[in-house]
Amino acid sequence: MRIGHGYDLHRLEARPPAGNGRVFILGGMELEHDKGPVGHSDGDTLLHAVTDAILGALGEPDIGRLFPDTAPENEGADSRIFLEEAVRRMDSRGLRIGNMDATIICERPKIAPHADSMAAGLAEILRCDPGQINIKGKTHEGVDAVGEGRAIEVHVVALLIPLD
Ligand SMILES: [Zn+2]
(Lines give C-alpha, C1' and ligand atoms only; values in the text may rest on other atoms or scores of the structure.)
Protein backbone atom coordinates (compact mmCIF):
# COMPACT_ATOMS: atom_id res chain seq x y z
CA MET A 1 0.00 0.00 0.00
CA ARG A 2 1.10 3.57 -0.63
CA ILE A 3 -0.36 6.81 0.73
CA GLY A 4 0.00 10.29 -0.75
CA HIS A 5 -1.04 13.85 0.01
CA GLY A 6 -1.81 16.52 -2.57
CA TYR A 7 -2.33 20.23 -2.01
CA ASP A 8 -3.10 23.05 -4.42
CA LEU A 9 -4.19 26.67 -4.33
CA HIS A 10 -5.21 29.03 -7.10
CA ARG A 11 -5.91 32.73 -6.93
CA LEU A 12 -9.47 33.63 -7.96
CA GLU A 13 -10.00 36.74 -10.06
CA ALA A 14 -12.75 38.29 -12.14
CA ARG A 15 -12.65 37.30 -15.79
CA PRO A 16 -10.94 39.62 -18.31
CA PRO A 17 -10.78 42.52 -18.74
CA ALA A 18 -11.35 43.12 -15.00
CA GLY A 19 -8.97 40.31 -13.97
CA ASN A 20 -7.15 37.22 -15.21
CA GLY A 21 -9.64 34.61 -14.01
CA ARG A 22 -10.40 31.66 -16.29
CA VAL A 23 -13.72 29.84 -16.51
CA PHE A 24 -14.32 28.24 -13.09
CA ILE A 25 -13.49 24.55 -13.55
CA LEU A 26 -13.27 22.21 -10.59
CA GLY A 27 -12.97 18.44 -10.78
CA GLY A 28 -13.42 18.72 -14.55
CA MET A 29 -16.81 20.44 -14.08
CA GLU A 30 -17.61 23.99 -15.12
CA LEU A 31 -19.35 25.75 -12.21
CA GLU A 32 -21.18 29.05 -12.10
CA HIS A 33 -19.08 31.74 -10.41
CA ASP A 34 -18.31 35.41 -11.11
CA LYS A 35 -14.59 34.69 -10.56
CA GLY A 36 -12.27 32.03 -11.92
CA PRO A 37 -8.85 30.53 -11.17
CA VAL A 38 -5.68 32.18 -12.39
CA GLY A 39 -3.34 29.56 -13.77
CA HIS A 40 -1.19 28.47 -16.68
CA SER A 41 -3.42 25.44 -17.36
CA ASP A 42 -7.21 25.49 -16.89
CA GLY A 43 -6.53 26.03 -13.14
CA ASP A 44 -8.51 23.00 -11.92
CA THR A 45 -7.41 23.01 -8.26
CA LEU A 46 -9.08 19.69 -7.43
CA LEU A 47 -7.55 17.76 -10.35
CA HIS A 48 -4.13 19.25 -9.56
CA ALA A 49 -4.31 18.16 -5.90
CA VAL A 50 -5.57 14.68 -6.88
CA THR A 51 -2.73 14.36 -9.41
CA ASP A 52 -0.16 15.33 -6.77
CA ALA A 53 -1.65 12.94 -4.18
CA ILE A 54 -1.21 10.02 -6.61
CA LEU A 55 2.25 11.12 -7.76
CA GLY A 56 3.22 11.66 -4.12
CA ALA A 57 2.06 8.16 -3.16
CA LEU A 58 4.21 6.79 -5.99
CA GLY A 59 7.19 8.89 -4.91
CA GLU A 60 7.30 10.41 -8.41
CA PRO A 61 8.04 14.04 -9.41
CA ASP A 62 5.12 16.39 -8.70
CA ILE A 63 2.79 17.99 -11.25
CA GLY A 64 4.90 21.16 -11.47
CA ARG A 65 7.98 19.16 -12.44
CA LEU A 66 6.14 16.90 -14.93
CA PHE A 67 4.16 19.73 -16.53
CA PRO A 68 6.09 23.01 -16.01
CA ASP A 69 4.07 26.23 -16.16
CA THR A 70 6.74 27.60 -18.49
CA ALA A 71 5.87 25.04 -21.21
CA PRO A 72 3.71 26.60 -23.94
CA GLU A 73 1.90 23.27 -24.55
CA ASN A 74 0.48 23.44 -21.01
CA GLU A 75 -1.06 26.90 -21.57
CA GLY A 76 -4.81 26.55 -20.99
CA ALA A 77 -4.40 22.75 -20.85
CA ASP A 78 -7.24 20.49 -19.72
CA SER A 79 -5.98 19.24 -16.34
CA ARG A 80 -7.39 15.80 -17.06
CA ILE A 81 -4.23 15.28 -19.14
CA PHE A 82 -2.11 15.68 -15.98
CA LEU A 83 -4.27 13.30 -13.97
CA GLU A 84 -4.31 10.72 -16.76
CA GLU A 85 -0.50 10.71 -16.70
CA ALA A 86 -0.53 10.08 -12.93
CA VAL A 87 -3.05 7.24 -13.47
CA ARG A 88 -0.82 5.75 -16.18
CA ARG A 89 2.13 5.78 -13.75
CA MET A 90 -0.03 4.25 -11.00
CA ASP A 91 -1.12 1.44 -13.40
CA SER A 92 2.42 0.72 -14.48
CA ARG A 93 3.39 0.30 -10.82
CA GLY A 94 0.61 -2.30 -10.36
CA LEU A 95 -1.47 -0.03 -8.12
CA ARG A 96 -5.01 1.33 -8.11
CA ILE A 97 -7.05 3.67 -5.92
CA GLY A 98 -8.05 2.18 -2.56
CA ASN A 99 -9.83 5.35 -1.50
CA MET A 100 -9.38 9.08 -1.73
CA ASP A 101 -10.57 11.93 0.50
CA ALA A 102 -10.65 15.52 -0.78
CA THR A 103 -11.37 18.77 1.08
CA ILE A 104 -12.15 21.81 -1.05
CA ILE A 105 -11.91 25.15 0.78
CA CYS A 106 -13.59 28.18 -0.78
CA GLU A 107 -16.32 30.68 0.13
CA ARG A 108 -18.16 30.21 -3.16
CA PRO A 109 -19.44 28.36 -5.09
CA LYS A 110 -21.07 25.87 -2.72
CA ILE A 111 -19.44 22.46 -3.19
CA ALA A 112 -22.03 20.13 -1.61
CA PRO A 113 -24.52 20.23 -4.53
CA HIS A 114 -21.74 19.17 -6.93
CA ALA A 115 -19.81 16.72 -4.74
CA ASP A 116 -21.49 13.56 -6.09
CA SER A 117 -21.01 14.54 -9.75
CA MET A 118 -17.38 15.45 -9.07
CA ALA A 119 -16.79 12.07 -7.40
CA ALA A 120 -18.41 10.29 -10.35
CA GLY A 121 -16.26 12.22 -12.85
CA LEU A 122 -13.10 11.53 -10.87
CA ALA A 123 -13.97 7.85 -10.49
CA GLU A 124 -14.20 7.59 -14.28
CA ILE A 125 -10.71 9.03 -14.79
CA LEU A 126 -9.31 6.99 -11.87
CA ARG A 127 -11.09 3.82 -13.05
CA CYS A 128 -12.63 3.13 -9.66
CA ASP A 129 -16.04 3.22 -8.02
CA PRO A 130 -17.47 6.65 -6.99
CA GLY A 131 -17.83 5.16 -3.51
CA GLN A 132 -14.04 5.17 -3.24
CA ILE A 133 -13.92 8.94 -3.69
CA ASN A 134 -15.05 11.36 -0.97
CA ILE A 135 -15.41 15.06 -1.70
CA LYS A 136 -16.39 17.70 0.83
CA GLY A 137 -16.46 21.48 0.86
CA LYS A 138 -15.64 23.91 3.64
CA THR A 139 -15.45 27.68 3.86
CA HIS A 140 -12.56 29.59 5.43
CA GLU A 141 -14.91 31.49 7.74
CA GLY A 142 -14.30 34.79 5.96
CA VAL A 143 -10.67 35.11 7.02
CA ASP A 144 -7.49 35.29 4.92
CA ALA A 145 -7.37 35.21 1.12
CA VAL A 146 -9.46 32.04 0.85
CA GLY A 147 -12.10 33.45 3.20
CA GLU A 148 -12.20 36.70 1.25
CA GLY A 149 -12.95 34.75 -1.93
CA ARG A 150 -9.56 35.58 -3.47
CA ALA A 151 -8.33 31.98 -3.59
CA ILE A 152 -9.44 28.34 -3.60
CA GLU A 153 -7.53 25.61 -1.81
CA VAL A 154 -7.75 21.80 -2.00
CA HIS A 155 -6.24 19.03 0.14
CA VAL A 156 -6.35 15.39 -1.00
CA VAL A 157 -5.22 12.17 0.65
CA ALA A 158 -5.05 9.07 -1.56
CA LEU A 159 -4.47 5.45 -0.60
CA LEU A 160 -3.17 3.23 -3.40
CA ILE A 161 -3.55 -0.55 -3.18
CA PRO A 162 -2.29 -3.42 -5.35
CA LEU A 163 -4.23 -4.28 -8.51
CA ASP A 164 -6.31 -7.45 -8.07
ZN1 LIG B 1 -2.91 24.08 -9.67
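So, with a 1.4 angstrom probe, what is the percent of accessible area on the chain that is carbon and sulfur?
Carbon-and-sulfur percentage of accessible area, whole number: 51.
Run through all the Cα pairs of the range 67-120 and give the fraction in each 10 Å bin from 0, expressed as whole percent.
17, 34, 38, 10
Which value in nm describes the separation of the simple spin-label points at residue 38 and residue 150, placed 7 Å from the Cα toward the beta carbon?
Label-label distance for residue 38 and residue 150, simple model: 1.0 nm.
Could you sort 117, 92 by accessible area so the largest value comes first, with the probe set to 1.4 Å?
Largest accessible area first, the list is 92, 117.
As a check on your grasp of the helix formula, calculate [θ] at 222 nm for the chain: sum -39500 (n - 2.57) over DSSP H runs of n ≥ 4, divide by the residue count, round to the nearest 500.
Details: 5 runs with 47 residues, N = 164.
Roughly -8000 deg cm²/dmol at 222 nm, from the helical runs in the chain.
Mind checking the full-extension length gain between residue 136 and residue 75? Use 0.36 nm per residue of separation minus the Cα-Cα distance, one decimal, nm.
Contour length minus the Cα-Cα distance gives 19.1 nm.
Taking Rh as the Kirkwood radius computed over C-alpha pairs, what is the Stokes-Einstein D of the chain at 10 °C in a medium of viscosity 1.306 mPa s, expressed in µm² per second? Provide the component values of the computation, followed by the final result.
Working: Rh = 15.8 Å.
After rounding, the answer is 101 µm²/s.
The values are calculated or read from the model by the stated rules, or taken from the named source; none is laboratory data. Quantities reported herein were computed from a predicted structural model and do not represent experimental measurements. We place every Cβ from the backbone using ideal geometry, glycine too, and count neighbours over all the protein chains shown. Ligands, DNA and RNA are excluded from the accessible area calculation, which covers all protein heavy atoms including side chains. Shrake-Rupley method; radii C 1.70, N 1.55, O 1.52, S 1.80 Å.
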